[in-house]
Amino acid sequence: MSNNFSLLDLLRNPSIARLYAARVTGNAGDGFGMLALSFGALHMGYGPAGLSVVVAAKAAPALLVLAGGIVGDRFRRHQVMAGAEMLAAGAWCGLAVCFFAGAAPLALVCGLALLAGLARALLVPAERGIVADLVEGRARQVANALLGQSVAVGLLIGLAVSGVLVAAAGAWAAAAVKCGTSMVGAALLVRLRTPARRREGSGMLAELRGGWREFTSVQWTWALTGQFTVVAVAVSAFSSVVGPLYMAQGHGGPGGWGMVSAMEAGGALAGALVAARWRPARPVLAAALLPVTAAGPMVLAGVGADWWLVAAAMVVPGVCQTIYAVLWSTTVQATFPPDVLARVNSWNLLGGFALTPVAVLVAGPLTSRFGVSVVATGAGMLIVVATLTVLLAVQVRRFGAQTEHGELAQAG
């Protein structure tokens, strides 16, 4: 197979085409779900503190991402992803009913949000490893770029339309759409074929330790993970609590916030086109520098900029986040064997997943006490400091492009 691929060439592969369609659908649903959860909680009168509790509940299954990594390495990854989508469909169906009723116990809404978060903890590690099951060699970078594009296309559709839908019909309608998209995504995923990698006689704790050994054996993986954790915490607090509150205070409302998020998704779409072709000599260094762009919209919100300026500023981090994801995934897939990819990625995700509930839980009270301006600016500064710190790691600055495992296997 040639080493030169385009996005369209790879979509001729039926498995990649189904995976792409499933993730476009799933990510479009995520766009609807983001606005549904935030504005559904606000419309039911929970206030900033209650909104923080609901969003924190959705992020609470963080530690289970390690279990998701084990499951993603033990069983067929497409089946793990399909099962996660069905779990999400059930949770969002329940949330749609609550939002339609207009009143529900906070504990019930939090319980349903927790199930939705559990689905994500199961899906993401398997998703980050599935490309290695479907293609080999340099095709992996293009396939990873396609997955990044699926996030961009899906969120662009979901966020742009969901703002209008929430404003016109209410948060319940957006939650119902999210339920439907999860069901469609599951139907597409079950048609894929990926290998099972279960290791006979190996317990879960042994597999967990094995994944940890692989993860810590390479300096740049844990160095970038520390940075990623800080960035994920800041971005989650801004996108889940601070940003919607900023918009609700006379800066565009749900429609404006939908457009702000859609602009980020539009940037991510452009980023996928760049990521499919760009092969920097030092991919880890390039990846380490990209997240600092996420601080821009936060600082603009901190100084009280008009919502359309915040929306325009979201394009740049949108471009950079897709390139970052592709550089990370492709370099990890080239560095580690396929049978540990889900576990290595689960350790990468653990810090962000674990601290996100704390971040969103305190973001509401902090915003109530200090105001949107202070919290938004503080989140941006955290990202800048994390980026400067990660550059101190020698391997981050010097790690070069690696040969893909597929090529190593052919050469051996």
If you wrap a convex hull around the C-alpha atoms of segment 175-242 and split its volume per residue, what is the figure in Å³?
172
At 1.4 Å probe size, with every protein chain present, just tell me what the per residue accessible area of the chain comes to in Å².
38
Rounded to the nearest 10 degrees, the helix 253-275 long axis (Cα) sits at an angle to the longest Cα principal axis of the chain of 10
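What's the magnitude of the charge dipole for the chain around its Cα centre, counting Lys and Arg as +1 and Asp and Glu as -1 at the beta-carbon? Answer in Debye, nearest 20.
Details: 26 positive and 15 negative charges, 122 e Å.
Dipole about the Cα centre, nearest 20: 580 debye.
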Mean 1/r over distinct Cα pairs of segment 259-351, inverted to a Kirkwood Rh in Å, yields 14.4
Carbon/sulfur accessible area of the chain, % of total, 1.4 Å probe, equals 68
Taking only the alpha-carbon positions of segment 1-106 as identical scatterers, the Debye log10 I(q)/I(0) at q = 0.12, 0.17, 0.21 Å⁻¹ comes out as -0.59, -0.95, -1.18
Binned at 10 Å from 0, what are the whole-percent values of the Cα-Cα distance distribution for segment 202-270, short to long?
17, 28, 24, 19, 12, 1
FRET efficiency for A281 and A169, using Cβ-Cβ distance with R0 set to 60 Å, rounded to 0.05:
0.75
Can you report the principal axis dimensions of the chain using only the alpha carbons, biggest first, rounded to whole angstrom?
62, 42, 41
HN-Hα J in Hz across segment 30-44 - Karplus 6.51, -1.76, 1.60, θ = phi - 60°, x for Gly and Pro:
4, x, 5, x, 4, 6, 4, 5, 5, 7, x, 5, 5, 5, 8
Two-decimal ratio, segment 182-315, of alpha-carbon radius of gyration to 2.2 N^0.38 Å
1.41
Rounded to whole angstroms and listed largest first, the alpha-carbon spread of segment 106-264 along its three principal axes comes to 56, 39, 37
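The values are calculated or read from the model by the stated rules, or taken from the named source; none is laboratory data. The shown structure was predicted, so the numbers you read here are calculated from the model rather than taken from an experiment. Note: ideal-geometry Cβ built from the backbone for every residue, glycine included; neighbour counts use all protein chains shown. Side chains included, ligands, DNA and RNA excluded: accessible areas come from the protein's heavy atoms. Shrake-Rupley method; radii C 1.70, N 1.55, O 1.52, S 1.80 Å.
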